[in-house]
Amino acid sequence: QVQLAESGGGLVQPGESMRLSCKTSGIIFNIYQMGWYRQAPGKDLELVAHISPTGSTHYADSVKGRFAISRDNAINVVYLQLNSLKAEDTAVYYCNADRVIGERNQYWGQGTQVTVSS
């Protein structure tokens, strides 16, 4: 079975940092683009960042310069480093795996809550 397991969310104050992790299983990790999405209450799902199998990255304008996505192909994990957090970053963050070689398909994690509040 394909599983994506997020961890690292929680409550932080504005200006602080945190790191989210997504451990995958059941996929050939190095043929998947990995991404992070988020959804705030009452808002649409939003792409935060994604990273190709070889490390090419893309960021939403709202997080560019503050967040960093990375991956470890040796242990099938993708990370999202969240720096200089703002209240508007509060959302449920979801890990996504998007196959880019062969038949395209994608998978989603359960999500992890990030709350930025003083």
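Once the range 84-93 is narrowed to residues that are buried (at least 21 other Cβ atoms within 10 Å of the Cβ) and in a strand (DSSP E or B), the residue that is nearest to the chain's Cα centre (by Cα) is Tyr93.
Determine, yes or no, whether Gln33 is free of Cβ contacts under 8 Å to residues at least 60 places away in the same chain, over 17 Å from Ala91 (Cβ atoms) and open to solvent by 30 Å² or more (accessible area, probe 1.4 Å). Taking the combined requirement at face value, the residue does not satisfy it.
For the range 58-73, does any single residue satisfy the condition of being in contact (Cβ under 8 Å) with a residue 60 or more places away in the chain, out of contact with any Leu (no Cβ under 7 Å at 6 or more places or on another chain) and of a type in the set (A, V, I, L, M, F, W, C)?
no
Restricting the search to the range 3-17, which residues are hydrophobic (A, V, I, L, M, F, W, C) and either within 12 Å of Gly111 (Cα to Cα) or open to solvent by less than 50 Å² (accessible area, probe 1.4 Å) (or both)?
Keep residues of the range 3-17 that are hydrophobic (A, V, I, L, M, F, W, C), which gives 4-5, 11-12.
The answer is Leu4, Ala5, Val12.
Screening Asp98 with (1) in contact (Cβ under 8 Å) with a residue 60 or more places away in the chain; (2) assigned to a loop (DSSP other than H, G, I, E, B); (3) of a type in the set (D, E, K, R) gives one miss only, at (2).
Only one of Leu47, Leu20, Leu82 is touching a residue at least 40 places away in the same chain (Cβ under 8 Å) and under 17 Å from Trp108 (Cβ atoms); which? Lay out the reasoning, then the answer.
Values: Leu47 fails: touching a residue at least 40 places away in the same chain (Cβ under 8 Å); Leu82 fails: under 17 Å from Trp108 (Cβ atoms).
So the residue among Leu47, Leu20, Leu82 that is touching a residue at least 40 places away in the same chain (Cβ under 8 Å) and under 17 Å from Trp108 (Cβ atoms) is Leu20.
The values are calculated or read from the model by the stated rules, or taken from the named source; none is laboratory data. Since the structure is predicted, the reported quantities are computational estimates derived from the model, not experimental observations. Cβ atoms come from the backbone with ideal geometry, glycine included; neighbour counts cover every protein chain shown. Side chains included, ligands, DNA and RNA excluded: accessible areas come from the protein's heavy atoms. Shrake-Rupley method; radii C 1.70, N 1.55, O 1.52, S 1.80 Å.
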